1. Those residues that are farther than 18 Å from His73 by Cα, surrounded by fewer than 15 Cβ atoms within 10 Å (Cβ to Cβ) and not hydrophobic (A, V, I, L, M, F, W, C), I need them from the stretch 5-14; list them, please.
2. Here are some conditions: (1) modelled with pLDDT under 90; (2) assigned to a loop (DSSP other than H, G, I, E, B). Arg17 meets all but one. Which one does it not meet?
3. Within the stretch 53-97, take every residue that is at pLDDT below 75 and of a type in the set (S, T, N, Q) and give me the one that is farthest from Phe18 (Cα to Cα).
4. Identify all residues within the stretch 15-74 that are surrounded by 15 or more Cβ atoms within 10 Å (Cβ to Cβ) and without any contact (Cβ under 8 Å) to a residue 12 or more places away in the chain; write none if there are none.
Amino acid sequence: MTEDAADHPPVEIFLDRFPPAIRDTGLRLRELIRIAVPDSVEGVRSGWNWVGYGLPDRRAKRTFAWIGPELKHIHWGSRTGFSSPIRSTFSMAPRSA
């Protein structure tokens, strides 16, 4: 059985299920991933309860990053092994000099 994009909600709807700080952090991480890799393919992975980002490749899904929201924090990680929970108080604002 193959997954179809119609089986999964849009990312904004998926993130709306979480508290505002988690949702907003997820949207900001999404924005940063899309800036860093503009050609990435985004999709909600309902079974994993996360948003995955892959590279366009017709032969296979090649996930390179993901965002995994939970009620008290949000995870983001990459295929190279980095994964970090980000507490809901985390600020994505630039640091002042």
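The values are calculated or read from the model by the stated rules, or taken from the named source; none is laboratory data. Just so you know, these numbers come straight off a predicted model, no measurement behind them. Neighbour counts are summed over all protein chains in view; Cβ atoms, including those assigned to glycine, are modelled from backbone coordinates with ideal geometry.
1. Asp7, Pro9, Pro10
2. (1)
3. Restricting to residues being at pLDDT below 75 and of a type in the set (S, T, N, Q), the top hit is Ser96.
4. Listed by number, the list holds a single entry, Asp24.
For every residue, the table says whether it meets (1) over 15 Å from Arg79 (Cα atoms); (2) in contact with a Leu (Cβ under 8 Å, 6 or more places away or on another chain); (3) of a type outside the set (A, V, I, L, M, F, W, C).
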{"position": "Phe18", "(1), (2), (3)": "yes, yes, no"}
{"position": "Ala21", "(1), (2), (3)": "yes, no, no"}
{"position": "Gly26", "(1), (2), (3)": "yes, yes, yes"}
{"position": "Val37", "(1), (2), (3)": "no, yes, no"}
